[in-house]
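Report on one structure; see the data block that follows.
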Amino acid sequence: MPRKDAANLTIQFSREEKRILEEYCEKMQRTKSDVIREMVRSLKKCLDSI
């Protein structure tokens, strides 16, 4: 189900970066969107500590 506050983002990856993401997602049984959202949230934590 779409989130009310959702925004779409298009990202270009190299083939190798895409392969790494897909392999990680498969092993962790997570979606690419979920993994990328978590990565972005980790950037917020970094910003808060600066």
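Quick one: count up the residues across segment 26-36 that are assigned to a helix (DSSP H, G or I), open to solvent by less than 90 Å² (accessible area, probe 1.4 Å) and not polar (S, T, N, Q).
3
Just checking, does segment 13-26 include any residue being small (G, A, S) and at pLDDT below 95?
No.
Look at segment 1-25 and say how many of its residues are loosely packed, with under 10 Cβ neighbours inside 10 Å and in a helix (DSSP H, G or I).
Total meeting the criteria: 2.
The values are calculated or read from the model by the stated rules, or taken from the named source; none is laboratory data. Every value quoted in this text rests on a predicted model; they were computed, and no experiment measured them. Note that each Cβ is placed from the backbone with ideal geometry, even for glycine, and that neighbours are counted across all protein chains shown. Heads up: the accessible areas ignore ligands, DNA and RNA and are worked out on the full protein's heavy atoms, side chains in. Shrake-Rupley method; radii C 1.70, N 1.55, O 1.52, S 1.80 Å.
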